[in-house]
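The values are calculated or read from the model by the stated rules, or taken from the named source; none is laboratory data. Just so it is clear, the structure is predicted and the values come from calculations on it, not from any experiment. Here Cβ is always computed from backbone atoms with ideal geometry, including for glycine, and neighbour counts include all displayed protein chains.
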Amino acid sequence: MLLCFGKVWTLCVLLAAPSLATIVNRTIDDTYGDEVTGQKPLYLPSRAGVWQNRTCTVCDIKPDESLAHNGTWTAVVYHPNMDEVIITLRFTGVAIYVFFITANNAGPGVSTNTSCIFTLDGDNPYSAYYSHIADESTQPLEYDVLAFSKAGLENGNHTLTIVPTGPLDSYVNVDYALYTSVLQNIQSSH
Ligand SMILES: *[C@@H]1O[C@H](CO)[C@@H](O)[C@H](O)[C@H]1NC(C)=O
Ligand SMILES: *[C@@H]1O[C@H](CO)[C@@H](O)[C@H](O)[C@H]1NC(C)=O
Ligand SMILES: *[C@@H]1O[C@H](CO)[C@@H](O)[C@H](O)[C@H]1NC(C)=O
Ligand SMILES: *[C@@H]1O[C@H](CO)[C@@H](O)[C@H](O)[C@H]1NC(C)=O
Ligand SMILES: *[C@@H]1O[C@H](CO)[C@@H](O)[C@H](O)[C@H]1NC(C)=O
């Protein structure tokens, strides 16, 4: 039932609203996927030897598991002569934030620069370029690096792709993403 109090139109609208929305951030881990739906990122090409994770013993860059979300990451060293490398994340919500692990000086000849293009949704795409130039004067890796964010999206299904790019090698290490989900609360009883 719709109740309105005199001229207080805004109060009337609030009471008449069928539901109230709450927004929450949810995590998509690189390995375990969406904490609610379980959907995992897609990593292509899927052939052996492209993607690195914490089980890699021969990798030049070995992140500290205790500093990575869920102790996991998925990384690739892209070479310009490789076929296309693409990471795809799907989420339902209004915002997305993607966190990388980035590298600095990891020894002679190790590819530590990061360069990639983020593209959100195919129909009306929004793209952004991310680049991290390794600091040769320091060794520590950097964690929780916000590589891409986009808020104010229409509430619905979205697809985000991450494509390493550029004329030089690119080290892309995806740790996790957050997306903002709109929860429709049960109808107010007041
Ligand atoms: C979601 O996370 C982003 C990045 O940390 C933050 O800026 C934003 O305020 C968070 N949103 C909510 C609803 O917690
Ligand atoms: C980690 O990498 C190894 C070697 O590429 C692969 O066999 C394994 O499936 C990967 N694990 C996960 C959880 O992706
Ligand atoms: C990943 O970490 C979150 C806390 O950030 C935790 O709630 C979740 O259980 C962890 N998932 C796994 C599979 O360890
Ligand atoms: C990283 O990029 C900088 C600036 O473009 C370049 O000088 C350097 O050689 C690159 N390092 C590697 C390892 O490719
Ligand atoms: C979003 O995708 C889910 C399946 O992942 C589907 O059930 C739902 O209908 C989709 N919503 C919209 C608005 O397309």
Residue satisfying condition, being farther than 30 Å from residue 21 by Cβ and more than 16 Å from ligand 2 (Cβ to nearest atom), within set 105, 155, 124: 105
Residues of region 39-61 classified as over 15 Å from the mean Cα position of the chain (by Cα) and either at pLDDT below 95 or part of a loop (DSSP other than H, G, I, E, B) (or both), total: 15
Selection within region 104-146 - assigned to a strand (DSSP E or B) and among the hydrophobic types (A, V, I, L, M, F, W, C): 116, 117, 118, 120, 128, 145, 146
Residue list for region 150-172, filter: polar (S, T, N, Q) and closer than 18 Å to residue 99 by Cβ: 161, 170
Residue list for region 79-130, filter: out of contact with any Phe, Trp or Tyr (no Cβ under 8 Å at 6 or more places or on another chain), farther than 20 Å from residue 41 by Cα and surrounded by 13 or more Cβ atoms within 10 Å (Cβ to Cβ): 82, 104, 105, 106, 110
Residue within region 90-99 that is closer than 21 Å to residue 166 by Cβ and assigned to a loop (DSSP other than H, G, I, E, B) present: no
Residues (at pLDDT 95 or above and over 10 Å from residue 103 (Cβ atoms)) located in region 120-136: 120, 121, 126, 127, 128, 129, 130, 131, 133
Residue in region 14-32 that is in a loop (DSSP other than H, G, I, E, B), modelled with pLDDT of 95 or more, out of contact with any helix residue (DSSP H, G or I) (no Cβ under 7 Å at 6 or more places or on another chain) and surrounded by fewer than 16 Cβ atoms within 10 Å (Cβ to Cβ) present: no
Top-ranked residue of region 143-187 - restricted to ones that are away from ligand 3 (no atom under 16 Å from the Cβ), crowded, with 21+ Cβ neighbours inside 10 Å and of a type in the set (Gly, Ala, Ser), ranked as nearest to residue 126 (Cα to Cα): 147
Only one of 112, 74 that is within 21 Å of residue 32 (Cα to Cα) and away from ligand 5 (no atom under 16 Å from the Cβ): 74
